[in-house]
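This report concerns only the one structure given below.
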Amino acid sequence: LKRLRQTVDVLTMTATPIPRTLHLALLGIRDISNLETPPADRLAIETRIVRFDRELIRHAILRELNRDGQIYFVHNRVYNIKEIADRIRSIVPEARVVVGHGQMPEHELEQAMVRFVRREADILVATTIIESGLDIPNANTMFINQADNYGLADLHQLRGRVGRYKHRAYAYLLLDGERGITPTAARRLKAIEEFTELGAGFKIAMRDLEIRGAGNILGTQQSGHIAAVGYEMYCQLLENAVRHARNQPAKVPLEVNIDLPWRAFLPHDYVAGQRLRIEVYRRLARIRRLERLEDFHQELRDRFGPWPEPAEWLLRLAELRLLAARWNIAAIHLEEVLDKSAGPRDVVLSYRNARKIKRLAGQSDGRLRVVDQETAYYRLAPAETDPEALYTLLKDLLRLPVAAV
């Protein structure tokens, strides 16, 4: 399309963008908009991950038949799809079953689909040809056989074939009881089970990006991880390249190393799960403004409850990091002494901007001394080595107005 006319605008619509496309949008190379308002009276689809169980399948099918509904049974293997259909017939003999797949003669496939649409059949056993384009409001239960073999986008698209009316819909992701599943497949299934609310496609696409990687923006790979430089560094380099092309200033990473004797971390019983804790740490490290840090404070309290003491100290360190960045301070640590009772201690500030550190020293009532071209010392009174007092002292010092000096 771009070869036909350079100025044409292209609108791509998708329920689950592939990792590379989503990554382009997150970096600002492409614009993205979300449709988050569902049709009226729609209900979220109840999704369950279960082993292939005859009794469970029979119970779910009969429940749907008792409310005059219909059922999809997805089996994406043509060579034995008729065996699966016979198995379903043996589980629910009272149900009318039809089979549909892409290798059937055209008239047979059409006949099977017409029978299902006209409610002359109760169960449609089909391959993924039903993934898109079907809108049958009366079909509100779906089984996806060997669900661990499908991608996240496939599972989301298939699940979207049910729940297209005001009735509660059910999706059963069936696993083979005689074999295990890979860790990657388990993550996909966990994601599709977790994100069941209406409009969850964007969240599913984000998880797909996390699992499969962002791919190659200038090449043909639609997914894959950046192994050479790491994902964070890759995103940073690419974002600055985009900003340079738009004549915008590059984003300078905020690097302030604060090494103070405080227990600052997220306890396991506060934020459960290693992946979730890493996500919270990462988001905290990306905050660049104090007002955003306040919002983050409130979000943590809303999601996980009141902060325990180590989490509170973690947030305080983040606050000092942002305040120190205003003065171009690179690091803060306590002066190491062999005998702590020998006399007063100093806080050592490593700086990048000599003009700013001299201005800060001028406002500190003589307590901050610039000793060389890289460091400045702030003398502490004996009572100020206490963590609470030291935090208050540094916060008050670094909150001094930069613009007014």
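The values are calculated or read from the model by the stated rules, or taken from the named source; none is laboratory data. All values reported here derive from a predicted model rather than from experimental measurement. No Cβ is skipped: glycine too gets one built from the backbone with ideal geometry, and neighbour counts run over all protein chains shown.
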Here is a check on your reading of the model: is ARG179 touching a strand residue (DSSP E or B) at 6+ places or on another chain (Cβ under 6 Å), among the charged types (D, E, K, R) and either assigned by TED's automatic domain parsing to the domain that holds GLY69 or surrounded by fewer than 17 Cβ atoms within 10 Å (Cβ to Cβ) (or both)? no
By residue number, the members of the stretch 372-387 that are more than 21 Å from VAL402 (Cα to Cα) and among the β-branched types (Val, Ile, Thr) are THR385
Scanning the stretch 268-326 for residues that are over 16 Å from VAL256 (Cβ atoms), buried (at least 16 other Cβ atoms within 10 Å of the Cβ), aliphatic (A, V, I, L, M) and within 20 Å of the chain's Cα centre (by Cα) gives VAL271, VAL280, LEU300
Kindly check whether there is at least one residue in the stretch 84-98 that is assigned to a loop (DSSP other than H, G, I, E, B) and within 33 Å of the chain's Cα centre (by Cα). no
If I go through the stretch 111-141 residue by residue, how many of them are part of a loop (DSSP other than H, G, I, E, B), closer than 24 Å to TYR79 by Cα and touching a residue at least 40 places away in the same chain (Cβ under 8 Å)? 3
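Could you tell me which of the residues LEU189, LEU198, LEU209 is at pLDDT 80 or above, over 19 Å from GLN70 (Cβ atoms) and within 17 Å of the chain's Cα centre (by Cα)?
Just one listed residue meets the conditions, LEU189.
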Given the conditions (1) assigned to a loop (DSSP other than H, G, I, E, B); (2) among the charged types (D, E, K, R); (3) within 21 Å of GLY163 (Cβ to Cβ), report the number of the one that ARG30 does not fulfil. (3)
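To keep it simple, each residue is scored yes or no on (1) in the same structural domain as TRP262 (by TED's automatic domain parsing); (2) assigned to a helix (DSSP H, G or I); (3) surrounded by 15 or more Cβ atoms within 10 Å (Cβ to Cβ); (4) at pLDDT 85 or above.
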| position | (1), (2), (3), (4) |
| --- | --- |
| ILE357 | yes, yes, yes, yes |
| LEU360 | yes, yes, yes, yes |
| ASP365 | yes, no, no, yes |
| THR392 | yes, yes, no, yes |
Just checking, does the stretch 51-64 include any residue being part of a strand (DSSP E or B) and loosely packed, with under 15 Cβ neighbours inside 10 Å? yes
